[in-house]
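Asks: I have a structure I would like to understand better, so I am pasting it below and will then ask my questions one at a time.
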Amino acid sequence: MRQAIRVVAKAGLRVLDWKTKQRVLEAAASLRRSGRRNGAGGYADYSVGSVDASPKHADPAKLIDRLFRYERALGEEIDFAGKTVLEIGAGPVLGWALVGIARGAACYHVLEPAFNPAVLDRYAAYFRTHRQWIGRVVGEVPPVDELLASGAIRVVRAPAARTGLPEGSVDLVLSNSVLEHVEHVDALVDELDRICGPDALQYHVVDFTDHQGGADPFAHVYGHDPEELRALYRRRGMPINLLRLPELTERLARRFEVEATVLLEDASHPSVRSPEDYWRERFTKEELGIEVAVLKLARRHAG
Ligand SMILES: C[S@@+](CC[C@H](N)C(=O)[O-])C[C@H]1O[C@@H](n2cnc3c(N)ncnc32)[C@H](O)[C@@H]1O
């Protein structure tokens, strides 16, 4: 029944213009939040129903492939061996924790402010398939409940700016499509600086698009005022900070050496060719055309 309602609602949304559609989605998000007992307000909705309705969480092969693809594009393998890892905004099904453990991570902290343990029980089949794939392409990995019980995987239900982890305790930080959702980037940078050990490396994949999945990935960014948009996304319960690559790099460079690798860019989209004044005055067309980039961060060493 719920599924049928979702299908009808989706069909209805398709006929609305963009602004009206955003208002309807905003009202729906606020209804969901008020009806949720343990909602992690302001972050993703990982109630079992919402996770079920999002096919992207159901395919472990895609998740593993994505990591390999990023590594190929970077030209290097991420070294997990013996490391204490922190993945921030890992999503509902433990992110890359199983790959990390199979590749030798000593301890993998899965930080997700919206984490819902009920999803793990519900996704037993997902984890069986996930372990099989990892067994074939990386190496054997124990069952999830054993990894959780032994403390090899630890769930941190908190925002990334308040991990609660000890000072200097982390060797490797990962995130996929999270930094663009963090509202207080400076607080996050301070926390990463606090928890990272002297040789820690970080890899953050950032999605700069409008997250709407249309043919022009910036159609709902460059035609609008950023403050208005930020407020809209915040009210919808999924903030997007709209920082462009140069701005984000500058914030992170306050404490870390930053190397940016652009994975996807296209300055030929109509929105990039004719942006509103705010965007045109601050960025080049090439900068506006950056869709996905990975930022590699290292500690700054004197000398
Ligand atoms: C687009 S999802 C990406 C999830 C997952 N990494 C993936 O690739 O499927 C963004 C995630 O970031 C989380 N998030 C948003 N703001 C956050 C913050 N300040 N600290 C930590 N996680 C945050 C959300 O709850 C959500 O799970």
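Just so it is clear, none of the values below were taken in a lab; they were calculated from the coordinates. From a predicted model like this one, the values you see are computed outputs, not experimental measurements. Heads up, the Cβs are rebuilt from the backbone with ideal geometry, glycines too, and the neighbour counts pull from every protein chain shown.
Asks: Taking only Cα atoms of segment 172-263, what ratio of Rg to Rh do you get with Rh as the Kirkwood inverse-distance radius?
Replies: 0.99
Asks: Check which residues have an amide H placed less than 5 Å from VAL292's amide H, if you skip close sequence neighbours.
Replies: Excluding prolines and chain starts, which carry no amide H, the hits are PHE208, LEU263, LEU264.
Asks: Charges on Cβ only, +1 for Lys and Arg, -1 for Asp and Glu, centred on the Cα centroid of segment 55-299; of GLY164, CYS196, ALA231, which one is farthest towards the dipole's positive end?
Replies: Towards the positive end, the residue furthest out is GLY164.
Asks: Out of LYS62, LYS83, LYS285, any idea which swings most in a Gaussian network model of the chain, alpha carbons joined below 10 Å?
Replies: LYS62
Asks: While we're here: More than 35 angstrom separation, counting every C-alpha pair in segment 55-299; what % is that?
Replies: 15
Asks: Could I ask something else about it? Note down the magnitude of the dipole of segment 55-299 about its Cα centre, charges +1 on Lys and Arg C-beta and -1 on Asp and Glu C-beta and zero elsewhere, to the nearest 20 debye.
Replies: 720
Asks: Express as a percent, rounded to the nearest 5, the fraction of DSSP beta bridges in segment 55-299 (both residues included) that run antiparallel.
Replies: 45
Asks: Here's a follow-up. Calculate the length of the line joining the C-alpha centroid of segment 130-146 to that of segment 163-234, in whole Å.
Replies: 29
Asks: In whole Hz, what ³J(HN,Hα) sequence does segment 256-264 give by Karplus (6.51, -1.76, 1.60; θ = phi - 60°), x for Gly and Pro?
Replies: For segment 256-264, the Karplus curve yields 10, 6, 10, 10, 9, 10, 7, 9, 8 Hz.
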